[in-house]
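Q: Structure incoming, see below.
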Amino acid sequence: SSTPSQPLRSSKLSTFEMEGLGEPEEILMYFSNAGSLEPPRPYKPTKLQYQNAGDGVFVITLNDPKRLNCMSLNLVQEVTLLVEHAKRDERCKIIVWTGAGRAFSAGGNFTDTSSTVPEEVFEGYIQEGLAVQPPDVSLAGTTREMIKFPKISISAINGTTIGGGINLGLLWQDLAFVGEDVTFRYPFGELGLVPELGSSVLLPRVVGLTRAKQLMQYGSEFTAQQALQWGLCTEVVPSKEVLPKAVEAAKKMAKMPQFALRESKRLLQKDLVAAIDSITQEELETLRNCIASPETRKAMMALMMKTSKNSSKL
């Protein structure tokens with residue numbers, strides 16, 4: 001188990017600043033390619049923030065607002081480190097995810113391969129089975145880690161949510177609170193991509209097969225209210241209240257007996273936990289094949305040209 005991390009005095013609080021949040025903390029790295037790190041090494045996240053909300057609740061903020069908190073290699077590797085840290089942090093009973101700025105997450109970023117996570121550390125997480133050898137374009141490793149995460153995880157979806165951001169914000173979570181103005185869209189069909197982050201099974205499991213095909217393949221946009229009607233989220237609230245509401249729910253659950261809560265989660269998800277490695281492996285192999293295909297390359301190139309002209313989209 002970890003000891004309390006040191007606050008980062010120089011860091012700014014997330015854009016969705018909330019009274020009662022502690023300053024962003026360093027997290028601990030537990031593995032390298034030589035084995036377990038004894039003692040664990042501190043690491044200052046550059047694309048995430050980990051803040052103590054008190055009463056056993058910690059807020060994780062996706063913190064790359066200029067790029068709409070897209071899932072770059074750096075951000076995804078930090079999620080891997082942070083989930084393991086939160087699992088071991090004895091102060092942490094419940095985690096709450098949100099996004100900095102006007103987005104929750106605009107989904108995958110296949111172009112930025114830079115990372116501040118030490119390479120030898122991430123190799124250690126791969127050796128421990130907590131991550132997948134790059135390029136993990138479908139976030140197979142991170143998905144496995146979150147589906148098997150024993151503690152309760154809640155999202156506070158505050159803005160733009162696209163593609164893989166939907167999966168992180170809705171499908172990975174135990175509870176999801178959504179701002180009333182939020183819209184969601186999977187652009188996979190037009191980009192020549194396929195379901196990832198476990199969504200090939202998680203989405204139809206919640207909304208049904210026909211609607212999952214409509215959302216994933218046809219690419220229909222859907223609203224916060226539709227997400228609520230279809231069982232994808234817990235509650236829709238005024239956008240300014242989404243993080244306080246999620247933290248309030250987290251603090252309520254943090255007062256409950258944690259062993260029983262985690263056992264309840266384990267029982268409810270045991271079939272999913274048993275299958276998630278093979279589900280995500282097939283998603284990974286399929287997505288790699290798609291990205292290598294000429295049709296997808298052409299679609300992705302067109303998107304990159306479009307976004308370079310207008311960086312405010314996707």
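The values are calculated or read from the model by the stated rules, or taken from the named source; none is laboratory data. Remember, predicted model here, so these are calculated numbers, not experimental data. No Cβ is skipped: glycine too gets one built from the backbone with ideal geometry, and neighbour counts run over all protein chains shown. Just so you know, the surface numbers come from the protein's heavy atoms only, side chains and all, with ligands and any DNA or RNA stripped out. Shrake-Rupley method; radii C 1.70, N 1.55, O 1.52, S 1.80 Å.
Q: Express in whole angstrom the spacing between the alpha-carbon centres of the stretch 243-288 and the stretch 96-125.
A: Taking the Cα centre of each part, the stretch 243-288 and the stretch 96-125 sit 20 Å apart.
Q: Rounded to the nearest whole Å², what accessible area per residue is found for the chain with the 1.4 Å probe?
A: Spelled out: the 1.4 Å probe surface of the chain, per residue, equals 45 Å².
Q: Still on this structure, please answer the following. For the chain, what is the relative contact order in percent, using Cα pairs closer than 8 Å and at least 6 residues apart in sequence?
A: That works out to 17 percent.
Q: What figure, in Å² to the nearest 10, do you get for the accessible area of residue 104 with a 1.4 Å probe and non-protein molecules left out?
A: 0 Å²
Q: Now for a separate question. Helix-derived [θ] at 222 nm for the chain: sum -39500 (n - 2.57) over DSSP H runs of at least 4, divide by residue count, nearest 500?
A: Result for the chain, helices only: -12000 deg cm²/dmol.
Q: So if we plug the beta-carbon distance of residue 210 and residue 298 into 1/(1 + (r/R0)^6) with R0 = 22 Å, what FRET efficiency do we get, rounded to 0.05?
A: Here the calculated transfer efficiency is 0.15.
Q: Apply the Karplus parameterisation 6.51 cos²θ - 1.76 cosθ + 1.60, with θ equal to phi minus 60°, to every residue of the stretch 115-123 and state each ³J(HN,Hα) to the nearest whole Hz, in sequence, with x for glycine and proline.
A: 7, 8, 6, x, 4, 5, 6, 4, 4
Q: What's the magnitude of the charge dipole for the chain around its Cα centre, counting Lys and Arg as +1 and Asp and Glu as -1 at the beta-carbon? Answer in Debye, nearest 20.
A: 580 debye
Q: Quick one: grab the alpha carbon gyration tensor of the stretch 239-314, order the square roots of its eigenvalues as a ≥ b ≥ c, and give me rounded if a/c is under 1.5, else prolate or oblate depending on whether a/b is larger than b/c.
A: Taking the square roots of the gyration eigenvalues as a ≥ b ≥ c, the stretch 239-314 is oblate.
Q: Separate question: Please turn the phi angles of the stretch 103-109 into ³J(HN,Hα) values with the Karplus equation 6.51 cos²θ - 1.76 cosθ + 1.60 (θ = phi - 60°), one per residue in order, whole Hz, x for glycine and proline.
A: 10, 7, 6, 8, x, x, 10
Q: Expressed in nm to one decimal, what extension gain is obtained for the pair residue 267 and residue 66 from 0.36 nm per residue of sequence separation less their Cα-Cα distance?
A: Length difference between fully extended and current span is 68.4 nm.
Q: Are there trypsin sites (Lys or Arg not before Pro) in the stretch 205-297 that DSSP marks as loop and that have at most 13 other Cβ atoms within 10 Å, and which are they?
A: 255
Q: Another question, then. Could you run the Karplus curve 6.51 cos²θ - 1.76 cosθ + 1.60 with θ = phi - 60° over the stretch 78-84 and give me ³J(HN,Hα) per residue in whole Hz, x for Gly and Pro?
A: 3J(HN,Hα) across the stretch 78-84, in whole Hz: 5, 4, 4, 5, 6, 4, 5.
Q: Hey, another quick one. Leaving out ligands, DNA and RNA but keeping every protein chain, what accessible area does residue 306 have, in Å² rounded to the nearest 10, with a 1.4 Å probe?
A: Surface accessible to solvent at residue 306 totals approximately 120 Å².
Q: What residues qualify as long-range amide H neighbours of residue 89, i.e. H under 5 Å apart, gap of 5 or more or another chain, H built at 1.01 Å from N?
A: Those qualifying (amide H under 5 Å, at least 5 residues apart or on another chain) are 2.
Q: Another question, if that's okay. Once both labels are modelled 7 Å past Cα along the beta-carbon direction, what's the residue 274-residue 133 spacing in nm?
A: With each label placed 7 Å out from Cα toward Cβ, I get 2.9 nm.
Q: If you compute Rg/Rh (Cα atoms, Kirkwood Rh) for the structure shown, which of (1) 0.94; (2) 1.01; (3) 1.13 do you land on?
A: (1)
Q: Ranked from the most accessible area to the least, with a 1.4 Å probe and all protein chains present, what is the order of 202, 209?
A: From most exposed to least exposed: 209, 202.
Q: Taking a cut-off of 17 Å between Cα atoms, list the aspartates and glutamates near residue 93, but don't count ones fewer than 8 places away on the same chain.
A: 25, 55, 84, 145, 174, 248, 263
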